[in-house]
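The values are calculated or read from the model by the stated rules, or taken from the named source; none is laboratory data. From a predicted model like this one, the values you see are computed outputs, not experimental measurements. Don't worry about glycine lacking a Cβ; one is built from the backbone with ideal geometry, like all the others, and counts go over all protein chains shown.
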Amino acid sequence: MTSQEASTHTGTVGELAAGPVPTRYRPDRTMPLRVELARQLERRRTQVTFGLVVVLPIILWVAFSLAASSPPGSATNLVDLAKGSGGNFAVFALFASASFLLVVVVALFFGDTVASEASWSSLRYLLAAPIPRARLVRQKAVIAAFLSVCALVLLPVVSLVVGSLAYGTGDLVSITGESLPFWTGAGRILLAALYIAVNLSWVAAVAMLLSVSTDAPLGAVGGAVMASIVSQILDQITALEDLRNYLPTHYGTAWFGLLSGQIDWGDITRGVFGSLMWALVLGAFAVWRFERKDITS
C-alpha cells in the first residue's frame, strides 16, 4: 500500500468512526406549519368547534320548523325573512352568530394556543428545542388564523346548503327590499364572512396577547371575549359621538352593505383598516411581551 493510499484509508476510517456530520441548526426549519396544524386538528376543542359550526344551521332550521308562523297581515320579522330562501337563511345565521359566537371561536383558537402549552408545562421544552420565540408565536398565529377563517367560512357554506334544501334557491332579499339572484347572493355572503374574519382580527390579537401573558387558556379566551363585549357596549353610548369610530367593533355590521345591489365600500373599507391597525399594534405588543417574558412552565 502506498503512502497516499494509506493516508486515504486512514481518513476514511476516521470519518466512519466520527459518524455522520450533524446537520446545522436552522431556526427557519423549526416548528413546521404542517406539524402544528396536525397537532391542532387532533385537539378536542378544534373538533368540537367545527362540529358546532356545522350543527348550528341545523339547529336554526329545527327551531324555525317548530316556531309558529306569523299571522296574515302582520309585519315581516327576521325569522320570516330568513325562511324566504337559502340565502336569507345564511344571512340570518351570520347575523345571529357574528357578535358573540364567532368572537368566541376566534378567541378560542388564538387565546388557547400559547397558554395551553404553558398550562401543560411543555412551553419551556419547545423553546429549549430551540424554537425562536417570535417564530413560535408566528407559527401558532398562522395556524390559528387558518382555523378561524375555515370556521367562519364554513358557517355560511353549511347554512346555504341547509337553507337551500329547506327553503329553496330563491333570490336573496334584504331588509330594504332589494333582491339578488341566488349565486350572486351566495358570493356576497361569502364576502361578508371574509369581512367578519378580517374585522375580528383585533380579537385574535387581543387573545394572542393574553395567551402569551398567562398560563390559563380560559383566562385568555374569556379576556378577549370580554374586550369585545365592552367595545360593543361602549359603541352604544351615543354621548361618545365620534370617539365611537375608533372602537374596533364600530364597523362590525358593515358587511350588511355587501347585500345591496350597489355596494357601499365606505364603511367596509374603514372597518377593515381599523381592525387591521388594532391587530397590528396588539400583535406586535404580544410578540414584544413574549420575547421578554420569563418562561417557568
query = Regarding LEU123, is this residue in contact with a helix residue (DSSP H, G or I) (Cβ under 7 Å, 6 or more places away or on another chain), surrounded by 14 or more Cβ atoms within 10 Å (Cβ to Cβ), among the hydrophobic types (A, V, I, L, M, F, W, C) and farther than 22 Å from ILE295 by Cα?
reply = no
message = I'd like the full set of residues that are touching a helix residue (DSSP H, G or I) at 6+ places or on another chain (Cβ under 6 Å) and farther than 20 Å from SER179 by Cβ, limited to region 253-274.
response = ALA254, ASP267, ILE268, GLY271, VAL272
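Sort out which residues of region 160-202 are among the hydroxyl-bearing types (Ser, Thr, Tyr) and closer than 28 Å to PHE273 by Cα, and write them in order of number.
Our first condition is that a residue be among the hydroxyl-bearing types (Ser, Thr, Tyr); within region 160-202, this holds for 164, 167, 169, 174, 176, 179, 184, 195, 201.
Across region 160-202, the qualifying residues are SER174, THR176, THR184, TYR195, SER201.
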message = Considering only residues that are in contact with a helix residue (DSSP H, G or I) (Cβ under 6 Å, 6 or more places away or on another chain) and among the hydrophobic types (A, V, I, L, M, F, W, C), which ones fall in region 34-49?
response = LEU37
remark   = Of the residues in region 25-50 that are part of a loop (DSSP other than H, G, I, E, B) and surrounded by 10 or more Cβ atoms within 10 Å (Cβ to Cβ), the one that is farthest from the chain's Cα centre (by Cα) is THR30
Residue list for region 247-271, restricted to those being part of a helix (DSSP H, G or I), under 21 Å from the mean Cα position of the chain (by Cα) and of a type outside the set (A, V, I, L, M) = TRP255, PHE256, THR269, ARG270, GLY271
Index of the failed condition, LEU234 passing every other in (1) within 30 Å of LEU136 (Cβ to Cβ); (2) part of a helix (DSSP H, G or I) = (1)
message = Go through region 219-252 and report how many residues are polar (S, T, N, Q) and surrounded by fewer than 17 Cβ atoms within 10 Å (Cβ to Cβ).
response = 3
task = From (1) surrounded by fewer than 19 Cβ atoms within 10 Å (Cβ to Cβ); (2) closer than 22 Å to ARG44 by Cα; (3) of a type in the set (Val, Ile, Thr), pick out the condition that doesn't hold for ILE131.
result = (2)
remark   = Of the conditions (1) at pLDDT 90 or above; (2) assigned to a loop (DSSP other than H, G, I, E, B); (3) of a type in the set (A, V, I, L, M), the single one that VAL53 does not satisfy is (2)
message = It is to be established whether one or more residues within region 102-114 are over 30 Å from LEU280 (Cα atoms), of a type in the set (Gly, Ala, Ser) and part of a helix (DSSP H, G or I).
response = no
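Got at least one residue in region 71-90 being at pLDDT below 75 and either touching a helix residue (DSSP H, G or I) at 6+ places or on another chain (Cβ under 8 Å) or among the β-branched types (Val, Ile, Thr) (or both)?
Yes: one or more hits.
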task = For ALA166, work out the one condition from (1) under 24 Å from the mean Cα position of the chain (by Cα); (2) under 30 Å from LEU81 (Cβ atoms) it doesn't fulfil.
result = (1)
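Condition check ((1) part of a helix (DSSP H, G or I); (2) farther than 17 Å from SER99 by Cα) across all residues:
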{"site": "ALA144", "(1), (2)": "yes, yes"}
{"site": "VAL158", "(1), (2)": "yes, yes"}
{"site": "THR169", "(1), (2)": "no, yes"}
{"site": "GLY177", "(1), (2)": "no, yes"}
{"site": "GLY187", "(1), (2)": "yes, yes"}
{"site": "ALA197", "(1), (2)": "yes, no"}
{"site": "MET208", "(1), (2)": "yes, yes"}
{"site": "MET226", "(1), (2)": "yes, no"}
{"site": "VAL230", "(1), (2)": "yes, no"}
